[in-house]
Amino acid sequence: MSHHLVELADLSYAYPDGTEALRAVSFRITHGESVALVGANGAGKSTLLMHLNGVLLPQSGAVRIGEVPVTRATLPEIRRSVGMVFQDADDQLFMPTVYEDVAFGPLNLGLPPAEVERRVSDALARVGAEGLRARPPHHLSGGEKRNVAIATVLAMRPDVLVMDEPGTSLDPLARKRLISLLNSFEHTKIIATHDLDLVLDVCQRTIVMHEGTITADGPTLEVFRDEALLARSHLEKPLRMQACPICQRPGL
Amino acid sequence: MADLSATLFDLGRLDRLADGDTPVHRLDPRAKLLATLLFLVCVVSFDRYAVAGLLPFLLFPVTIIALAELPAGYLLKKMLLVAPLAVLVGIANPWFDPAPLLRIGPLTLSGGWVSYVSILLRFALTVTAALALIATTGFHGVCVALRRIGVPAPMTVQLLLAYRYLFVLVSEGVRMVRARSLRSFHRRGEGLAAYGSLIGHLLLRTVERAQRIHRAMLARGFSGELHSVTPLRFRRQDTIFLLGWSAAFLFFRLVNVPQWLGRLVAPG
Ligand SMILES: Nc1ncnc2c1ncn2[C@@H]1O[C@H](COP(=O)(O)OP(=O)(O)OP(=O)(O)O)[C@@H](O)[C@H]1O
Ligand SMILES: [Mg+2]
């Protein structure tokens, strides 16, 4: 049974105050795909992602991870296979030290201490944060927090990696490292972001959202070439695809 | 507002002290927790005029602080931070209980003053012992130990989260006040109404953030049980520590050591 499949069928969700954040969203992501979720502020990206690991449960429609529908009963299993990096890293870090924070997930999985240690070191090394081990997370810089938040999820070795705005507040080097990190993660990934240049580097497929619905779903380059669609969805062509402002050479 | 962040930072330091590596730090959290609990029970159960009888109990926090190489000045400052509470609790005693109780040379102390001193002393003892426990074990370690000695999981988790939210609350507050003072150009602001809505917002934001943190915990497989990074092991030194101090506390509690020493030195 493959856990790496993600399927949404007519998913709708309205917040308690009546805001309709998702309206009949459907898509199917297969094993190993790397998918970007783009759209204006308030398009519903975060709301959609929160359905993938059962933080929010479907009000109508269904979410399936592999063969398993996301319901209250399947949450433990779902959460083992879907790793989620939240939009605000501060929400994700709550233990007294970085080490304990990264170890939190593996300990909840009931792994033996030696394995926990190995996973923590490995995850911190992958995001280049070995040096932060003993620091309290609430005193890190924004980018450091972001890296540690990613490590907390990597340490759980998820089958599906879900990230909400992973690129924000990273310096150029850290952003580059993030891109190669994402590319080295061989399983299914779903990334919500405004950084369309990052999408070009990481995702073969792009889903565009606007006001709670999907307005486009296809190969990244094709989607980004449709200027009318981008304009309708409050997006802009990635810089690399625009003509060079100095020499006017056409972009990608 | 800088003070508030500084206080917060300072609180964080208490937890970081727990990263130390001394024989006291290496003790099993349960041994330290149980010894501290017995210490608290003994200290609190003295009668209201006890002063001399309490003094031997100083040995416990002083020994821990010395052996664990904790910064005594810092702990003292933390204690003074909460001291106004104790000062207020007993402040009326001298008026309510003016009967003379104790004569030291020319000085006569009323029962009220003696009980006031007793309250302050108890306060100092219990707070330093609790601070020393957290500084050698970490708040998380204390919660794990509580859980392991049978306190129900929801309670220990609540306790841990309350502690964590304290940080969240203060840092949200710092951010909001900073944003506000930048916009009001450091003038005194727009009076009480503005403060009211500020506090309302602060509470709302804290509740929301607390919810999001809880979500993030669930997302990483949290099922209500706390786990500790290093598995707990009760070794011989833990047994010796616990039994040794327990015996000492019971002895201090049952025998008034200063009085007994006094009689030893000057019989009759
Ligand atoms: N807790 C909430 N209560 C009510 N409405 C909400 C809540 N959270 C989000 N919304 C609304 O739901 C809609 C979708 O929000 P969502 O956070 O999913 O957008 P997003 O695409 O992630 O935006 P951004 O790019 O700014 O992160 C928005 O209109 C938002 O105002
Ligand atoms: Mg969002």
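The values are calculated or read from the model by the stated rules, or taken from the named source; none is laboratory data. Source: prediction; values computed, not measured. Quick reminder, even Gly has a Cβ in these numbers, built from the backbone with ideal geometry, and neighbours come from all protein chains shown. Note: areas computed on protein heavy atoms with side chains; ligands, DNA, RNA excluded. Shrake-Rupley method; radii C 1.70, N 1.55, O 1.52, S 1.80 Å.
Couple of notes before you dig in:
- Shielding score for B:206-218, defined as the mean number of other chain Cβ atoms within 10 Å: 5
- Estimated distance in nm for a label pair at B:T63 and A:R225, the labels positioned 7 Å out from Cα along Cα-to-Cβ: 8.0
- The calculated Kirkwood hydrodynamic radius for region B:125-164 is 10.4 Å, given to one decimal from all distinct C-alpha pairs.
- Filtered GluC sites (Glu not before Pro), region A:136-220: DSSP coil and at most 13 other beta carbons within 10 Å: A:E186
- The relative contact order of region B:44-140, computed from alpha carbon pairs under 8 Å that lie at least 6 residues apart in sequence, is 38 percent.
- Computed over the Cα atoms of region A:114-164, the ratio of the radius of gyration to the Kirkwood radius (Rg/Rh) comes to 0.96.
- Alpha-carbon radius of gyration plus Dmax, which is the widest Cα pair, for region B:110-268 in Å: 24.0, 75
- B:L80-B:D19 pseudo-label distance in nm [points 7 Å out on the Cα-to-Cβ vector]: 2.7
- Solvent-accessible area per residue for chain A (1.4 angstrom probe, square angstrom): 42
- For the peptides B:129-142, B:218-231, B:89-102, the ranking by packing is B:129-142, B:218-231, B:89-102, with the highest mean count of neighbouring Cβ atoms within 10 Å listed first.
- Listed by chain and number, the lysines placed with their C-alpha closer than 18 angstrom to that of B:K77 amount to none; residues fewer than eight positions away on the same chain are left out.
- Å³ per residue enclosed by the Cα convex hull of region B:73-147: 125
- Accessible area of region B:28-92 belonging to carbon and sulfur atoms, whole % at 1.4 Å probe: 81
- Kirkwood-Stokes translational diffusion coefficient of the protein assembly as shown, alpha-carbon pairs, 10 °C, 1.306 mPa s, µm²/s: 59
- Surface/4 of the Cα convex hull for region A:161-252, nm²: 6.7
- Here the protein assembly as shown is assigned +1 on the Cβ of each Lys and Arg and -1 on the Cβ of each Asp and Glu. Its dipole about the Cα centre then comes out at about 1380 debye.
- On full extension, the segment bounded by B:R175 and B:A72 gains 33.9 nm, given 0.36 nm per residue less the C-alpha separation.
- Local electrostatic count at A:N147 - Lys and Arg +1, Asp and Glu -1, tallied over other residues with Cβ under 13 Å: +4
- With one equal scatterer per alpha carbon and no solvent term, the Debye-computed log10 I(q)/I(0) for region A:1-118 at 0.09, 0.11 1/Å reads -0.30, -0.44.
- Coarse-grained scattering of chain B at q = 0.09, 0.11 Å⁻¹, given as base-10 log I(q)/I(0) from a Debye sum over alpha-carbon atoms: -0.58, -0.81
- Region A:168-215 shape via C-alpha gyration tensor axes, a/c threshold 1.5: oblate
- Cα-Cα separations in region A:42-107 greater than 13 Å, expressed as whole percent: 68
- Shape of chain A, Cα gyration tensor, a/c cut at 1.5: oblate
- Taking label points 7 Å from Cα along the Cα-to-Cβ direction, A:C247 and A:R23 give a separation of 4.6 nm.
- Taking Cα centre as origin and charging only the Cβ of basic (Lys, Arg, +1) and acidic (Asp, Glu, -1) residues, the dipole magnitude of chain A rounds to 400 debye.
- Ordered by 1.4 Å accessible area with all protein chains kept, A:Y99, B:Y49 run largest first as B:Y49, A:Y99.
- For the protein assembly as shown, the residue among B:L198, B:L67, B:W95 whose Cα projects farthest onto the positive side of the dipole built from Cβ charges is B:W95.
- Hits among lysines - C-alpha to C-alpha of B:K78 under 23 Å, sequence gap 8 or more where chains match: B:K32
- Of B:R212, B:R253, B:R103, the one that fluctuates the most in a GNM where chain B has Cα springs shorter than 10 Å: B:R103
- Peptide A:135-141 is shielded by partner chain Cβ atoms: per residue, an average of 3 of them sit within 10 Å of its Cβ.
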